[in-house]
1. Any chance region 251-265 includes a residue that's over 30 Å from residue 76 (Cβ atoms), assigned to a loop (DSSP other than H, G, I, E, B), of a type in the set (Val, Ile, Thr) and at pLDDT 95 or above?
2. Just to be sure, is residue 200 farther than 15 Å from residue 171 by Cβ, out of contact with any Cys (no Cβ under 6 Å at 6 or more places or on another chain), open to solvent by 10 Å² or more (accessible area, probe 1.4 Å) and aromatic (Phe, Trp, Tyr)?
3. Give the residues of region 114-152 that are among the polar types (S, T, N, Q), assigned to a helix (DSSP H, G or I) and in contact with a helix residue (DSSP H, G or I) (Cβ under 9 Å, 6 or more places away or on another chain), sorted by residue number.
4. Step by step: first the residues of region 274-294, then only those that are within 24 Å of residue 312 (Cα to Cα) and hydrophobic (A, V, I, L, M, F, W, C), then the one that is nearest to the chain's Cα centre (by Cα). Which residue is that?
5. Out of 284, 259, 221, report the one residue that is open to solvent by less than 10 Å² (accessible area, probe 1.4 Å) and in contact with a strand residue (DSSP E or B) (Cβ under 9 Å, 6 or more places away or on another chain).
6. Looking only at region 44-58, decide whether some residue is assigned to a helix (DSSP H, G or I), on the phi < 0 side of the Ramachandran plot, at pLDDT 95 or above and of a type in the set (D, E, K, R).
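The values are calculated or read from the model by the stated rules, or taken from the named source; none is laboratory data. Since the structure is predicted, the reported quantities are computational estimates derived from the model, not experimental observations. All Cβ positions, even for glycine, are placed from backbone atoms using ideal geometry, and neighbour counts span all protein chains on display. Side chains included, ligands, DNA and RNA excluded: accessible areas come from the protein's heavy atoms. Shrake-Rupley method; radii C 1.70, N 1.55, O 1.52, S 1.80 Å.
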Amino acid sequence: MRASFGRPSLLQTPRYLFKPQTSLAPLLRPAALRKMSSSPAPVLKKPIKISCIQLASGADKDANLKHAAGKVAEAARSGSKLVVLPECFNSPYGCDYFPKYAETLLPSPPTEAQSPSFHALSAMAAENSVYLVGGSIPELDPSASQYYNTSLTFGPDGALLGTHRKVHLFDIDIPGKISFKESDVLSAGNKVTLIDLPEYGTIAVAICYDARFPELATIAARRGAFALVYPGAFNLTTGNLHWRLLAQARAVDNQIYVAFCSPARDMSASYNAWGHSLIVDPMARILVEADEDEAVIQGELVGEDIAEARKNIPLNAQRRFDVYPDVSQGAVSFDKP
């Protein structure tokens with residue numbers, strides 16, 4: 001399987017270097033150019049390299065976990081301190097698979113027998129000294145006999161930092177194209193997930209279909225997030241229509257970074273993921289994008305870019321909360337399971 005790092009034509013800023021490669025050479029801004037802006041970095045304390053792993057997974061959970069571990073180590077060796085895995089990275093994606101692959105996460109920490117994926121992700125983060133957004137896994141809550149699509153984020157010491165249960169379930173019907181109903185099996189989560197990375201700042205984590213709902217992103221940005229991170233598995237219909245558009249929309253709406261991390265496409269699977277994992281900057285420029293194959297993409301997130309976007313187009317000072325409400329100040333849920 002080959003690594004793919006997208007098309008150079010998508011890179012519209014000279015502050016990012018790009019070249020096709022088989023190794024994980026990072027996308028870096030030259031140090032001299034960082035000095036061009038004297039604005040403070042209000043939400044991102046210092047630059048951080050991020051990798052999105054567009055993983056090829058199959059039916060063997062143990063093999064998927066081992067494969068993911070190898071790719072996380074590869075991303076860490078390239079200098080990434082924030083690493084992201086895709087939605088349902090440890091299993092095939094689909095309503096038929098959620099119960100079979102589901103793991104019990106509560107009470108936390110679970111035993112290794114209850115959740116091998118929890119312990120594997122913790123080890124990946126600790127062994128590589130990275131912040132790891134562990135894509136998502138199917139979760140079983142035995143106390144309520146409910147299933148969830150759940151993302152776990154771990155710190156460089158292997159400690160669990162945050163849990164996000166997919167809030168908006170993927171229930172769609174496009175005649176002649178695709179029909180899918182996660183709610184046939186899954187229950188919805190009930191909170192906005194903000195995760196503190198002490199040396200850097202705050203990220204928001206949500207999953208796939210959550211990206212279609214700008215309220216989650218807006219709340220996260222107004223509560224200080226420097227990046228929105230979405231493990232996701234769009235399909236060949238919705239991916240072609242909206243994947244890139246939604247990533248850019250969430251970035252330009254909130255003037256922060258956005259990362260979408262997809263599984264690799266497998267045309268032999270029952271569900272065909274779109275792929276095209278990408279990283280978008282606060283001006284909605286696509287910094288790097290994969291194609292459909294397994295890949296690791298990497299970029300550098302820089303606080304001055306957020307400050308510059310907000311200075312040049314000062315949306316935060318121009319909002320009219322006398323005309324419409326500030327959704328971030330409403331009855332927002334942050335602390336439920």
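1. No - not one qualifying residue is present in region 251-265.
2. On the way: farther than 15 Å from residue 171 by Cβ: yes; out of contact with any Cys (no Cβ under 6 Å at 6 or more places or on another chain): yes; open to solvent by 10 Å² or more (accessible area, probe 1.4 Å): yes; aromatic (Phe, Trp, Tyr): yes.
When the stated conditions are applied, residue 200 passes them.
3. Selection gives 117, 128.
4. The selected residue is 279.
5. None of the other options fit; the residue is 259.
6. Taking region 44-58 first, the residues assigned to a helix (DSSP H, G or I) are none.
Scanning region 44-58, I find no residue that is assigned to a helix (DSSP H, G or I), on the phi < 0 side of the Ramachandran plot, at pLDDT 95 or above and of a type in the set (D, E, K, R), so the answer is no.
Yes/no per residue for (1) surrounded by 23 or more Cβ atoms within 10 Å (Cβ to Cβ); (2) more than 30 Å from residue 198 (Cβ to Cβ); (3) free of Cβ contacts under 8 Å to residues at least 40 places away in the same chain; (4) out of contact with any Leu (no Cβ under 8 Å at 6 or more places or on another chain):
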site: 46; (1), (2), (3), (4): no, no, no, yes
site: 50; (1), (2), (3), (4): yes, no, no, no
site: 55; (1), (2), (3), (4): yes, no, no, no
site: 59; (1), (2), (3), (4): no, yes, yes, yes
site: 63; (1), (2), (3), (4): no, yes, yes, yes
site: 77; (1), (2), (3), (4): no, no, no, no
site: 89; (1), (2), (3), (4): yes, no, no, no
site: 94; (1), (2), (3), (4): no, yes, no, yes
site: 99; (1), (2), (3), (4): no, yes, no, no
